[in-house]
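Colleague: Below is a structure I'd like to ask you about.
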Amino acid sequence: MATREEAALELDSGSPDATRTFAAALAAVAVPGDVLCLWGELGAGKTVFAKGFGAGLGVRDTISSPTFVLMGEYAGRLPLFHIDLYRLASATEAIDGGLLDDREGTGVVLIEWPDRLGTALPDDRLDVRIDGGDDDRRTLRLAAHGRGHDRYLATALAAGARRAT
Ligand SMILES: Nc1ncnc2c1ncn2[C@@H]1O[C@H](COP(=O)(O)OP(=O)(O)OP(=O)(O)O)[C@@H](O)[C@H]1O
Ligand SMILES: [Mg+2]
């Protein structure tokens, strides 16, 4: 039987636009309660992905890097909650600050720097890892964890992703 790991997908992106277009395609299958964790170094393209995903959800406002507000909330087909935990020291801080509460279950949550959550990382989530950075080439790796995010993998395949080897 295929494990989750084997079900991981990869996409080569050659430009910010390609990353945005791919993310927008994924947003088509978003449902309330989805959580996407965006992994990758500074400048990897996590916010670029978030902007594309927002565009796909029909968000009209400009999605900016929520570094100082920790969370940006945007109205689209579903509410989009864009969280950036870079400046957070610990998960406790995130949870005490009410960052992951019930309200977010009404929409889709995108989390940059999810490693800050430690053991509070949601079990049900789609991981998107973005690597590369010397030029415009990036590799996006997708893996679904827990129940409910597999539909993103099917959509990613249709949008040009391949099975990771
Ligand atoms: N293929 C690509 N996909 C995404 N971004 C790209 C790509 N090629 C170049 N870039 C550039 O990389 C940068 C990514 O910046 P972005 O703010 O999205 O990074 P980030 O991962 O959110 O970083 P941070 O951790 O600082 O929030 C942008 O300047 C973007 O134009
Ligand atoms: Mg960012």
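Colleague: Rounded, prolate or oblate for the range 12-57? Axes are the square roots of the Cα gyration tensor eigenvalues, ordered a ≥ b ≥ c, and the cut-off for rounded is a/c under 1.5.
Modeller: Details: a/c = 2.35, a/b = 1.36, b/c = 1.72.
It is oblate, given that a/c is not under 1.5 and a/b is not larger than b/c.
Colleague: In whole angstrom, note down how far apart the Cα centers of the range 121-165 and the range 1-62 are.
Modeller: 7 Å
Colleague: How large is the charge dipole for the range 9-59, taken about the Cα centre, if only the Cβ atoms of Lys, Arg (+1) and Asp, Glu (-1) carry charge, to the nearest 20 debye?
Modeller: Numbers: 3 positive and 5 negative charges, 39 e Å.
Magnitude of the dipole: close to 180 debye.
Colleague: Let me ask another. With +1 on each Lys and Arg Cβ and -1 on each Asp and Glu Cβ, and nothing else charged, work out how big the dipole of the chain is about its Cα centre, in Debye to the nearest 20. Could the numbers behind the result be given before it?
Modeller: Values: 18 positive and 25 negative charges, 93 e Å.
In total the dipole reaches around 440 debye.
Colleague: If you don't mind, there's one more thing I want to ask. Compute the Cα gyration tensor for the chain, then decide on rounded, prolate or oblate, letting a ≥ b ≥ c be the square roots of its eigenvalues: rounded whenever a/c is under 1.5, prolate when a/b is larger than b/c in the other cases, and oblate in all that remain.
Modeller: Details: a/c = 1.35, a/b = 1.26, b/c = 1.07.
Judged from the Cα gyration tensor, the chain comes out rounded (a/c under 1.5).
Colleague: Another question, then. With angles folded into 0 to 90 degrees, how steeply does helix 16-27 sit against the dominant principal axis of the chain? Use alpha carbons for both and round to 10.
Modeller: Approximately 80 degrees, to the nearest ten.
Colleague: To continue, here is another question. How far is helix 46-56 tilted off the main Cα axis of the chain, in degrees rounded to 10, range 0 to 90?
Modeller: The angle comes out near 80 degrees.
Values quoted throughout were computed directly from the atomic coordinates according to the rules given, and no laboratory measurement underlies them. Owing to the predicted nature of the structure, the values given are computational and were not obtained by experimental measurement. Don't worry about glycine lacking a Cβ; one is built from the backbone with ideal geometry, like all the others, and counts go over all protein chains shown.
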